[in-house]
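The values are calculated or read from the model by the stated rules, or taken from the named source; none is laboratory data. If you're wondering where the values come from, they're calculated on a predicted model, not measured in any experiment. Note: ideal-geometry Cβ built from the backbone for every residue, glycine included; neighbour counts use all protein chains shown.
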Amino acid sequence: MSPGQPESTDVVGGTAAAAAAAQGLDARIAVRRGEFVLDVGLRVERGETVAVLGRSGAGKSTLLRALAGLLPIDEGRISLAGEVLDDPAERVFVPCERRPVGVVFQDYLLFPHLRARENVAFGLRARLGLRGKAARAQADTWLARFGVGELADRRPGALSGGQGQRVALARALATQPRLLLLDEPLAALDTTTRGEVRAFLRGVLPDLSAPVLIVTHDPVDAEVLADRTIALNAGRLVDLAGT
Amino acid sequence: MTSPGGTSLPWALPSRRQGPRGAARAVRRETRRRVPWALWVPAAVAVLFLLLPLVGLLIRTPWSGLPRLITEKSVRQALLLSLRTATEATALSLVFGIPLAWLLARTRFPGRTLLRALVTLPLVLPPVVGGVALLLALGRRGVLGERLDDWFGITLPFTSTGVVVAQTFVAMPFLVVSVEGALNSADRRYEDAAATLGADPWTTFRRVTVPLVAPAVAAGAALCWARALGEFGATITFAGNFPGSTQTMPLSVYLALESDPDAAIALSLVLLAVCVAVLVTLRANWLPGARRLGGARRLPRAGATRDIPADGDPR
């Protein structure tokens, strides 16, 4: 039960650029929602962390939802590690639950009725097909890796913002995603915790083999956490001179 | 019946606290300062009106003869039948009602509003009418009942199963309405989160959606059970009044009132005690959990980022 790559090993293009992108994310995304149009192309290599900077309403969450598979795109194509996830022209759409994409949501969305351990084990069961004890043991390992092993028995309501962030990251990474999406990872935190979590993320993110996409409105977070920053304005990417 | 933003039902559990505790307390103190007499007088009348009959029941209870009256075989029979059928009706309502509530709350299809109105009709329909309708549909000569009888030899009217059918018909809408309201106001992004973790829609429903509305399911089930326990009109119309098989507590109370008023009072007292016991158990077992869930569901904001929250995990 490994993260599936069902229909497509044959879709990788012949060019060298496509071969390079085959390890990471290669997406051109067009989504229309009434008046609003999101139209972006982006590429994130394996091991690279890219920040998408934009004000609210710029289309950041639409982009994130499209990549996660929570929203089908209208035009374009999303491919990840050589696998096409969404291509309306080819009638390909891999639903969210079968995409090897991990998401850390802005306010974490840890299931309030489950303890931290069970929150992490949830994805291990659903995505990797682990069972009972094995899932729980591996969940504990992930929590320990992020320094929150002793909080495994707490429910999310009894975790601080920084602790919740770590549990949420453990939960997302435990499913062994090939792309990690972080939605405003620091917005829900107060200033003290912010610095601590920022340092923690800066230590963790470079070690991931998967490409990482951070969506944020804060240029400082983008600067500190990402290798590269792209800016999104009114649904389109804008040039950031000098970044 | 439900407003889009949340539950408008008087029995709906509060799904989240209004704000920090201090603020809530301040507001409460202020309202206590000056309650207009135009409000508290009618409220007091309402309380008297609601409590007086119960007091009357307690005053007139033949306490000395009580042990004999409530240990009679016919009473035990009726009580056990009532408890069994009400529990079965609640189980059926849970099995079929929760998916129906989910369908009404989570999907969009033409005629959904009409369907919701129709399935909640038994809430306002006189139960006797419900009983007549059940006879016409499931009776021995009924639209479906005739087939059931011919093809499978299944007869529903005037059987214990008929009692369960009548009670389910009348009580299930309570559960559906309660759960649907909770589903409408639940944060659907948890379901998105479950999907990103690889959970298919069925797993998400079982392990995220239903647990998140568990307090509403419990409240709905309690109402459903209480309604089924007290069901009279549809039961007597569809299932009849046979001691041992279809004579439930409410029916035997009504009959006893004509022959033996003391027995009727005693039976009523037993029903009252059962209902109070269930309410107390629910409060003790469910509502604290409901409150904790509701509290935890709030977004972690700047002010909430302390290491040991005041209302931390009670463990």
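Descriptive notes on the structure:
- Looking across B:Ala166, B:Ala216, B:Ala194, one residue alone is crowded, with 23+ Cβ neighbours inside 10 Å, within 14 Å of chain A (Cβ to nearest Cβ) and either modelled with pLDDT of 95 or more or touching an Asp or Glu at 6+ places or on another chain (Cβ under 7 Å) (or both). It is B:Ala194.
- Members of the stretch A:140-193 that are more than 11 Å from chain B (Cβ to nearest Cβ), small (Gly, Ala, Ser) and in contact with a helix residue (DSSP H, G or I) (Cβ under 8 Å, 6 or more places away or on another chain): A:Gly147, A:Gly149, A:Ala152, A:Ala170
- Filtering the stretch A:107-130 to residues that are in a helix (DSSP H, G or I), within 9 Å of chain B (Cβ to nearest Cβ) and farther than 15 Å from B:Thr204 by Cα leaves only A:Leu128.
- The residues on offer are B:Pro126, B:Pro110, and the sole one that is farther than 20 Å from B:Leu183 by Cα, of a type outside the set (Asp, Glu) and either at pLDDT 95 or above or surrounded by fewer than 14 Cβ atoms within 10 Å (Cβ to Cβ) (or both) is B:Pro126.
- Members of the stretch A:91-106 found to be in contact with a Pro (Cβ under 6 Å, 6 or more places away or on another chain) and at the interface with another protein chain (Cβ under 8 Å from one of its Cβ atoms), listed by number: A:Val101, A:Gly102
- Only one of B:Val208, B:Val253 that is of a type in the set (A, V, I, L, M) and within 14 Å of chain A (Cβ to nearest Cβ): B:Val208
- Any pair with Cβ under 9 angstrom, 6 or more apart, that starts in the stretch A:128-142 at a residue that is without any contact (Cβ under 8 Å) to a residue 60 or more places away in the chain and closer than 12 Å to A:Ala116 by Cα and ends at one that is charged (D, E, K, R) and assigned to a helix (DSSP H, G or I): A:Arg136/A:Arg117; A:Arg136/A:Glu118; A:Ala139/A:Arg117; A:Ala139/A:Glu118; A:Ala139/A:Arg171; A:Asp140/A:Arg117; A:Trp142/A:Arg171
- Any chance A:Leu179 is hydrophobic (A, V, I, L, M, F, W, C), surrounded by 21 or more Cβ atoms within 10 Å (Cβ to Cβ) and in contact with a strand residue (DSSP E or B) (Cβ under 7 Å, 6 or more places away or on another chain): yes
- A residue that is at pLDDT below 90 and in a loop (DSSP other than H, G, I, E, B) cannot be found anywhere in the stretch A:91-100.
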